[in-house]
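Okay, structure first, notes after.
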Amino acid sequence: MALLHLAADWARPRHQSLLVLTVDHGLRPGSAAEAATVAALCRDKGLAHQTLKWSGPRAVQAAARNARHALLADALREAGGRWLLTGHTHDDQLETLLMRARQGSGWYGLGGMDRVSVSPAWPEGRGIQIARPLLGETRHHLRAVLTGLRSPWLDDPSNQDDRFERVRIRRLLTGHPALAAHVSRAHTRLAALRRAERAALAHLIDSETFPLGDGQLAWRHGAATGERAERLLSLLIQIAAGTATPPDRTATRSLLSALANQPSGRGRTLGGAWIAWHAGWAVLSRDPGCAAAAPSAAQPVWDGRFERRTEHAPDPAPTVRKGYPTPPPARLAPSLPPEPDDWHDLTAARLQALSAAMKG
């Protein structure tokens, strides 16, 4: 609710359009009434609003989150938008840090949520960037803002349900201010390290990865080692495979070892991608055994890698990219049909979006 007011106050003098989206998962009896309350507030403020209803099976919180992002991305793209604003706070950051620590996350994961990221939904989230403008604000401060505006807010009853880990951690931090202060200081340092690492990854994406067309991309892998190379390879595999989920971490590490210790390889498959390497280059394509069937006429995206053209303007050729190697690395032998005339490859756009988010 605070984000709604603050975003409206920011957008109005700048003549920016806002669309307020509420997802009703239908998991609680009062969810429809809550969505209606937000819709009424938006009418009073002259803001466009849509309630998006999830009609799938009842899901745990993680699955509900994935469904929510897919719904939001579809609605935003249909409205012509590109930025999705969410109301995550500093308190959410601290809770995330402790949850990830319990799960055994490394320092990169403990850096928490990023201020800018790509949508976790794919392919629904193509072209959508997520911004979290309230990460530096506490819930206490935002409630004070709403009180000053004489605006009501809604408390989700599930935030009191101790069956959820986040709720238990929230109670722990609220009941122990000294602990919360320690966690906050740790987060500040870890978040700075994460930002630096993301900037380094963005530089590698810009300088050492190259789209080859037909869903293939090349990576000059000698410039990255260790965990950084592992993170980058995991992202590149997702892009080549057209998926939203990363490959198995142990298997990614094994593949990196092969890249480092063998001058060339006939190829391996991992996470839905096919990876072959020679003379310092790794070339990634779709695993032929995992490729989707031929697309139907109604599909806007095929196999998470190609989007149906909506305009007749040609796509820029990969070779116009600054710094593209000459000669380019050899592509893999054709194992899939070439890019159809009425479809375009999403690889280059996905690389560019990822780099832009990491710089943000």
Principal axis lengths of the stretch 121-201 from Cα atoms, whole Å, largest first?
39, 33, 32
Assuming 1.567 mPa s and 4 °C, estimate D for the stretch 41-159 with Stokes-Einstein, Rh taken as the Kirkwood radius over Cα pairs, in µm²/s.
79 µm²/s
In degrees, nearest ten, helix 249-261 long axis to first principal axis of the chain (Cα):
30 degrees
Charge dipole (the stretch 108-150, unit charges on Cβ, about Cα centre) - positive-most of Leu134, Gly148, Pro123
Gly148
Sparsely packed trypsin sites (Lys or Arg not before Pro) within the stretch 16-103, loop by DSSP, other Cβ within 10 Å at most 15
Arg58, Arg82
Computed on alpha carbon atoms, what radius of gyration and Dmax characterise the chain, expressed in Å?
22.3, 67
Total formal charge among the other residues, if their Cβ is under 13 angstrom from that of Asp114, Lys/Arg +1 and Asp/Glu -1
+4
Cβ-Cβ cut-off under 9 Å around Trp274, Lys and Arg +1, Asp and Glu -1: the net charge is +1
Within the stretch 157-198, which residues have the backbone N less than 17 Å from the label spot 7 Å out from Glu230 along Cα→beta-carbon, could you tell me?
194, 197-198
Round to the nearest 10 and report in Å² the accessible area of Thr245, as given by a 1.4 Å probe over the protein chains' heavy atoms.
90 Å²
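The values are calculated or read from the model by the stated rules, or taken from the named source; none is laboratory data. Model, not experiment: these values are computed from the prediction. Positions of Cβ are backbone-derived with ideal geometry, glycine not excepted, and every protein chain shown enters the neighbour counts. Areas reflect the complete protein model, heavy atoms only, side chains present, ligands, DNA and RNA absent. Shrake-Rupley method; radii C 1.70, N 1.55, O 1.52, S 1.80 Å.
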